[in-house]
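As structure tokens, the structure follows; a few thoughts come after it.
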Amino acid sequence: MMKKILVVLVLLYYAAVNTFANERSIDPKNVREVNFKRDGLKLVGNLYTPANFNEKAMYKAVIVEGSFTSVKEQMPAFYAQRLADNGFVVLAFDYSHYGESEGNPRQLESPEEKLKDLKAAVTYLTGLPYIKGVGMVGVCTSAGNAVDLAANDTRIKAIATVAGFLPDPALGITMFGEKEVARRKALAEAAREDFAKTGKAQTIPAYSEVDQSAVNFAPKGIFDYYFNKARGGVPQYKNAAAVMSLDALLKFDPISEAHLIKVPTMVIHSDGSAFPQQAKKLYAKLEGEKELVWGDGIHFDYYDGPKQVDFAVKNITRYFNQYLN
């Protein structure tokens, strides 16, 4: 169906592939399942608390979300545990249409609905008696969703983007050309019409190394994270995307909202992460308190690479301790 695909995330920048195992350190005693509502939909998440958590004390809270089609058990869990180890209460949840959360069609990529989900998550956290301030960490695609949230919800006190995929319309044209962009949008529209008639959503692989109809197609090894059971290939993850949302990332333009953000924003990126020029563009357009943190490594290192994740968490901890009040 699609010959050339949206891989934002294949990137000529990638010179190597990360192959280490995911070393998780989750303490089940400090993680509990929670749920909250958004427009009648139940959203399911995990709440991570620091060691010796005391509900009578006050804590800074962080929402952490991940890449395109990701679920809470992937990179959000990896960051959430480490941030909890640094004293934060952390919520990692499944966006609507994904994982354990409700929402039809399944596997739908909708920045508009994700914004509603995130606002509901803020409402949930601010309703807890032991929370005094809420921030968000957005990894990869959720970096744009974090920008969207900060631009539209004054309750957020600070955000951090990590190896962010930060699209704007110009990026789509640069990547694919006008004809291909138009074709993708037409495919999405046709799929929406079909869903309206049949109630069944067409899906294609989100990531593939053999199927060129996938949303993201790349040579073997690039998407190890999603296929490796020791990394992001967790049982809860479904490698599928609704065709009707193929145009969602092409239309999404978080960079245009940068000037609306009034809260402190940290941009963490590297030359080997997705489109570094976009991260610098976002940073340049931010008008409030901001910090650019440049690391090393490739894009997927920032999903579960101990060195890069520790680097990101160390900087986020420093920044959020200063501003989440």
Task: Residue, farthest from ASP211 (Cα to Cα), within segment 225-251, restricted to residues that are modelled with pLDDT under 95 and not small (Gly, Ala, Ser) - done: LYS251
TODO: Would you point out which residue out of ALA120, ALA206 is within 20 Å of the chain's Cα centre (by Cα) and within 24 Å of TYR302 (Cβ to Cβ)?
DONE: ALA206
Task: Tabulated pairs, segment 266-278, first closer than 11 Å to ALA163 by Cβ, second among the polar types (S, T, N, Q) and assigned to a strand (DSSP E or B), C-beta under 8 angstrom, 6+ apart or interchain - done: VAL267/THR161; ILE268/THR161; HIS269/THR161; PRO276/SER270
Open item on the list: Looking only at segment 269-285, count every residue that is crowded, with 21+ Cβ neighbours inside 10 Å and not in a strand (DSSP E or B) and tell me the total.
Closed with: 6
- [ ] Say whether the condition of being on the phi < 0 side of the Ramachandran plot, touching a His at 6+ places or on another chain (Cβ under 8 Å) and not polar (S, T, N, Q) is met by at least one residue in segment 94-106.
- [x] yes
Open item on the list: Considering only residues that are surrounded by fewer than 24 Cβ atoms within 10 Å (Cβ to Cβ) and basic (Lys, Arg), which ones fall in segment 53-85?
Closed with: LYS56, LYS60, ARG82
Open item on the list: Could you list, ordered by first residue, the pairs with Cβ atoms under 6 Å in which the first is in segment 49-63 and under 18 Å from GLU33 (Cα atoms) and the second is in a loop (DSSP other than H, G, I, E, B) and aromatic (Phe, Trp, Tyr), at least 6 apart or interchain?
Closed with: GLU55/TYR130; VAL62/PHE88
Task: Among (1) part of a loop (DSSP other than H, G, I, E, B); (2) surrounded by 21 or more Cβ atoms within 10 Å (Cβ to Cβ); (3) among the β-branched types (Val, Ile, Thr), the one test that VAL234 misses - done: (2)
Open item on the list: I'd like to check something: does segment 241-252 contain any residue that is more than 17 Å from ILE298 (Cα to Cα) and either hydroxyl-bearing (Ser, Thr, Tyr) or surrounded by fewer than 17 Cβ atoms within 10 Å (Cβ to Cβ) (or both)?
Closed with: yes
TODO: Please give the number of the condition GLY221 fails out of (1) over 23 Å from ASN104 (Cβ atoms); (2) within 20 Å of the chain's Cα centre (by Cα); (3) of a type outside the set (S, T, N, Q); (4) surrounded by fewer than 21 Cβ atoms within 10 Å (Cβ to Cβ).
DONE: (2)
Open item on the list: I'm trying to understand the selection: among the residues of segment 115-151, which are closer than 22 Å to TYR283 by Cβ and charged (D, E, K, R)?
Closed with: ASP148
Open item on the list: Consider segment 286-325. How many of its residues are of a type outside the set (S, T, N, Q), assigned to a helix (DSSP H, G or I) and in contact with an Asp or Glu (Cβ under 9 Å, 6 or more places away or on another chain)?
Closed with: 8
TODO: Go through (1) more than 23 Å from VAL243 (Cα to Cα); (2) over 18 Å from the mean Cα position of the chain (by Cα) one by one and return the number of the condition ILE173 breaks.
DONE: (1)
Open item on the list: Checking the structure you have, find out if any residue of segment 121-139 is surrounded by fewer than 18 Cβ atoms within 10 Å (Cβ to Cβ), under 30 Å from THR49 (Cβ atoms), among the basic types (Lys, Arg) and touching a helix residue (DSSP H, G or I) at 6+ places or on another chain (Cβ under 6 Å).
Closed with: no
- [ ] Quickly run through segment 117-159 and pick out the residues that are among the charged types (D, E, K, R) and either touching a Leu at 6+ places or on another chain (Cβ under 8 Å) or closer than 24 Å to VAL215 by Cα (or both).
- [x] ASP117, LYS119, LYS132, ASP148, ASP153, LYS157
Task: Failed criterion for MET266 (all others in (1) buried (at least 18 other Cβ atoms within 10 Å of the Cβ); (2) in a helix (DSSP H, G or I) hold) - done: (2)
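The values are calculated or read from the model by the stated rules, or taken from the named source; none is laboratory data. Everything quoted here is computed from the prediction, not taken from an experiment. Methodologically, a virtual Cβ is constructed for each residue, glycine included, from the backbone with ideal geometry; neighbour enumeration extends over all protein chains shown.
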